[in-house]
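Okay, so here's the structure we're looking at.
Laboratory data are not the source of any read-out in this text; all were calculated from the coordinates shown. What you are looking at is a predicted structure, and each value in this text was computed from that prediction instead of being measured. All Cβ positions, glycine included, derive from the backbone under ideal geometry; neighbour counts span all protein chains shown.
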Amino acid sequence: MDSSHTHDQPVHDVPANATSEVDGVTGMAETTDAAPEHPSAAAMTDLADAEPTGDLVTASTTGAAPANGASDAVAQPSASEEVDSPGAPADAEEAVAEVPAVPAAPARRALPRIMAVANQKGGVGKTTTAVNLSAALAELGYRVLVVDLDPQGNASTGLGVNARSLESTVYDVLMRDLPLEDAIEPTSVKNLFVVPATIDLAGAEIELVPAFSRELKLKRALESVGDDFDYTLIDCPPSLGLLTVNALAAAGEVVVPIQCEYYALEGLGQLMRNVQLVRGNLNPTLELSTIILTMYDARTKLAEQVAKEVREHFGPVVCRHIVPRTVRLSEAPSFGQPIIAFDPTSRGAIAYRELAKEVSGGAP
Ligand code: ADP
Ligand code: MG
């Protein structure tokens, strides 16, 4: 309808030095984690100590961004009492196992919100979270769009869309300047829509490299749908390459799912540095707003330990509600349904509903 597209708008809002800086981002993305041997505790220490180095610092701690305390949490391990009492397992257990008394309800954020669901590790629950949090937000009454930015296309199939049978996907939006609205597909859930992906998108990671304004393709495309959607959740691939940079540049917030398992925290420092880089160069208001603990297995001490560490280091951005490990959540995608449709009373459905309320502040 209204075709106030912003395609022709200045691309000059990228600082002159952005190209080289962002090369840093994508260049970094290619380096894999140097220290794969970390148990979670050690990884956390790394995270706490992580002083950005070299030109990576430019975007970081200089206070340019209205940091919400997330990066502060990284820099200054807080929560003194808990840290001081490592020898109190009983208390610690309770602290993690129970949802703590509800803190003052967080102020609702202004809509629309665009959230990049990112973590360069695979298999941590990004897609499961993007699909199910979106569906639960839609159930609350919000209009929600999922952008599948992973060439695996799991969010698309999980929402019952067979992208292979479609004419247009997110690839066409990024690479052929197809208007985003032409790639939007409905899902079986009311108020929930998806821009699907296929394996073609794998090519985009490379094809984007020489493209003009390559980091801002998705941002420009999303601007064209304006505030048609209250929530847009972008399901990122398990890497920190150009696709993820596009998501971080387009988003207002980063949502990081963290799997409550061994090595859970490995690589998080790198993710945080990338967020800071994007903040410094492309998207000054990008905020790490939400950490979601996933695949929590209440029977293991380790899950509890990881959850506790994440809370200590990231503080209030960690959601109070945790996603349990449950087989129903892993079965739902093969039926092309989010958990709230597949098994509405299951623990997974309840968890994502609670998370949707927590993240949004409740029904609109
Ligand atoms: P990512 O997108 O980060 O790679 P996925 O969301 O695809 O991760 O999850 C990886 C695998 O774990 C998938 O098979 C998914 O079905 C399963 N899974 C995700 N969350 C849960 C959970 N809470 N309980 C059980 N299985 C889960
Ligand atoms: Mg995924």
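Calculated FRET efficiency, E167 to E223, Cβ-Cβ distance, R0 = 30 Å: about 0.85 to the nearest 0.05. Would you mind estimating how fast segment 218-268 diffuses translationally, via Stokes-Einstein at 20 °C and 1.002 mPa s with the Kirkwood radius over Cα pairs, in µm²/s? Rounded, D is 169 µm²/s. As a rough guide to protection, the peptides 293-301, 113-121 ranked by mean Cβ packing within 10 Å, highest first, stand as 113-121, 293-301.
Between A110 and V209, the FRET efficiency from the beta-carbon distance, with R0 = 25 Å, is close to 0.15.
Taking Cβ atoms as reference points and 14 Å as the exclusive limit, the residues near V254 contribute a net charge of +2, counting Lys and Arg as +1 and Asp and Glu as -1. Sequence-ordered 3J(HN,Hα) estimates for segment 145-162 from the Karplus curve with 6.51, -1.76 and 1.60 and θ = phi - 60° stand at 10, 9, 9, 7, 10, 10, x, 5, x, 5, 5, 5, 5, x, 9, x, 9, 8 Hz, glycine and proline given as x.
Here the Kirkwood formula, the inverse mean of 1/r across different C-alpha pairs, assigns segment 265-364 a hydrodynamic radius of 15.4 Å.
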